[in-house]
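Read the figures in this text as sums done on the coordinates, not as results from a lab. Note that the structure is predicted; figures quoted are calculated from it, not measured. Cβ coordinates were reconstructed from backbone atoms using ideal geometry, including for glycine residues, and neighbour counts include every protein chain displayed.
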Ligand code: CBF
């Protein structure tokens, strides 16, 4: 600390929050940050100036929060995730600061509409899958509940592709989300760590003792980029630290001095490639050297950062678990534990046993995978090449672990083969989930059904060995983003009917809506709010696709990654069946049809041909149906391109019905169902993942469930495989019209073959009759508005459990053993900073 800085106060820059001050800061940023004239600022410029003004208000809180944690010596959690699917930040920051009214008024005075400026922001391209969105919700909850936490990840330059649809086909374009800059991040050139790769290991004698030394071949620098994560209505503001790759200077200089400038520039871009793109979670990235390097890059920088901060406490390294706990979001960051082990042994000179105890006490692991075949593994050949010293340590861990297995199950070769961290044949791999279970003190699943499958099907032997390690913590989502920000109409209504706004911090309060669910005036206002949201979505559909849809129709939504197990294909097959059925109806019969708009959105991994073919089919079907004058508003099909967080924020509040129809036993959780339920959308689902718990909370009669239960899946699969399952004629009829070319000349043969000849692994043909039946029940229910509205209110009333605040409280109490540390507000500048 430079003491002479202490007495300098910053009166003109104190981030006041009244309307006049906001206006001044906005203009200040227009002039001095953007270097623009006041009279010449477009919407994007105004967004940037506004974002800077908001950031000013976060920065003081953010720094103070860190100082507060440090001064109080609190134990902190480090949340490690390869993805953070944050979406936009501006509205979230303003709402969490409780300043939306003031900002709105200030912008109005200056001639802007706040909501229009929200629209300027690009979604952060830092995630793709459910676990990435979960990480973002968890950051919000940890901040809101004042838990001392840090998020760690990677700052990818390109997000998980921009999706365009041309002639029904998905095209992937780079998503350069940083194009207009990122006002939320602070580059920390003072926080930089070297990360090493490749090279060789040699056994050497140090002080008369054998010591394994690693001579790496490549060195790349990890530079920190920090993003403040504001809690809702608390002064506490957390940090999300993302690492970006840079070449090390020495590396450049060598070649530069030898006159080879162009190669040195080549190496620069080579180094930067590490954090250039995000790998999709659902296509196979196994064997991709760059992905392994990304993982190690993230965890090595993080571990070095954790150790640097720990050292400031001046405590012994054996006390590390008393101040730090590390939560791994899936097995992707598992090398963090090995990196810590390496540093403790090789750099700090601690014994293996002592070091191993430290990592076991510090680390915990959340598994998001259901099928064993999808568990992460890395080829040993690659690991030995990229991280030779870490591979030695993994062998050593495995050696000790297998001794424990042998002790528990003497002479049981099967157990040793199954449980080993190393898969020996047909090729040699490191099984990352096995490694994670061995080195962590706790491992949890993400719903009750998923955790049960982990205990009985995925890791049964590990469960027998260490039953106390296995926990179940059901995921949750943040009600701030998914209700308060995305659905203002309904949020205001809830506050009015509950007579308190505090449901946003205690979602269990929603249950009181159940008591009032029959009240006519609530029902009326509720459906009006839904209608307004449907109009907004209808406007978006018209703007994006030039298609008019009627908000009077039932909005039926399925938005998620496109994947065979999620069964968008079942949905579109049913749509075709519905279409052909309507076409064969008399005018009289048609009057009884419930008009529907079936809305899809989702990306398919670029190399996942069948998923891309499903997108093609949905789009081709939409062209035929939407242009059929004979059908009119009775049925419309919409595929909204480029599914992302900000699009979900428009779609979810407008859904009457949402579909979560994965084959039972394939979806670990499926958190989107929670968002839909909170927003009063009725659930149509299979008894899988979160639907099992949602239907318990909402009431089985208020959700529409159907299909094969998880325990019947294996026998039905084998019946299908052996041709013993009689296929429904309506299902076969749909396949025939696709085959005949009624929905375009695209080659759908591989898609159709995936459902025929015993190949129907995901049981679409098996579940089709029940699906048709449940759809009929939905049509009937929608025709009775008070019944439908009641179900809708009860969906929201029953979703209190699914707040990520509840999940985080469970993590904090059951795994991390940390307590909230709430800083009440700023403390005078000279006293502390
Ligand atoms: O637990 C969060 C989500 O994670 C996944 O998306 C994943 O990335 N493995 C699962 O597929 C989801 O079921 C789950 O909701």
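The table below lists the values:
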read-out	value
Estimated 222 nm signal from helices in the chain, with DSSP H stretches of n ≥ 4 weighted -39500 (n - 2.57), rounded to 500	-13500 deg cm²/dmol
Proxy reagent accessibility, fewest Cβ within 10 Å first, across 730, 188, 567, 241	188, 730, 241, 567
Label-point separation, residue 757 to residue 592 (7 Å along Cα→Cβ), nm	4.1 nm
Mean separation of Cα contacts under 8 Å, 6 or more apart, over the residue count of the chain: relative contact order %	14 percent
Potential lengthening between residue 186 and residue 203 on full extension [0.36 nm per residue; Cα-Cα distance subtracted]	1.9 nm
Surface/4 of the Cα convex hull for segment 597-731, nm²	10.4 nm²
Net length gained if the chain between residue 290 and residue 528 were fully extended (0.36 nm per residue, minus Cα distance)	80.6 nm
Globularity index of segment 530-796, i.e. its alpha-carbon radius of gyration over 2.2 N^0.38 Å	0.95
Two-site FRET efficiency, residue 35 against residue 270, from Cβ-Cβ distance with R₀ of 25 Å, rounded to 0.05	0.15
Estimated distance in nm for a label pair at residue 24 and residue 495, the labels positioned 7 Å out from Cα along Cα-to-Cβ	2.8 nm
FRET efficiency, 1/(1 + (r/R0)^6) with R0 60 Å, evaluated for residue 178 and residue 627 via beta carbons	0.95
Length added when fully stretched, residue 352-residue 100, from 0.36 nm per residue minus Cα-Cα	85.4 nm
Convex hull volume per residue for the chain, taking Cα atoms only, in Å³	189 Å³
Fraction of beta bridges assigned by DSSP in the chain that are antiparallel (%, nearest 5)	45 percent
Pairwise label distance in nanometres, residue 171 with residue 115, each label 7 Å out on the Cα-Cβ vector	3.3 nm
For 175, 346, order by how many other beta-carbon atoms lie within 10 Å, fewest first	346, 175
Convex hull of segment 576-650 built on C-alpha atoms - directionally averaged projected area, nm²	5.8 nm²
Those residues of segment 638-667 whose amide nitrogen sits under 13 Å from the label point placed on residue 371, 7 Å along Cα→Cβ	663-667
Length-normalised contact order of segment 530-796 in % [C-alpha pairs under 8 Å, at least 6 apart]	21 percent
Segment 431-534: mean projected area of Cα convex hull, nm²	9.7 nm²
Ordering of 531-539, 644-652 by burial proxy (mean other Cβ atoms within 10 Å per residue, highest first)	644-652, 531-539
Exposure proxy order (Cβ contacts within 10 Å, fewest to most) of 692, 624	624, 692
FRET efficiency, 1/(1 + (r/R0)^6) with R0 30 Å, evaluated for residue 786 and residue 581 via beta carbons	0.65
Relative contact order of segment 672-746, defined on C-alpha pairs under 8 angstrom at six or more residues apart (%)	22 percent
For segment 444-492 and segment 692-743, distance of Cα centres in Å	25 Å
Calculated SAXS-style log₁₀ I(q)/I(0) at q = 0.16, 0.32, 0.33 Å⁻¹ - segment 30-79, Debye, Cα scatterers	-0.60, -1.12, -1.14
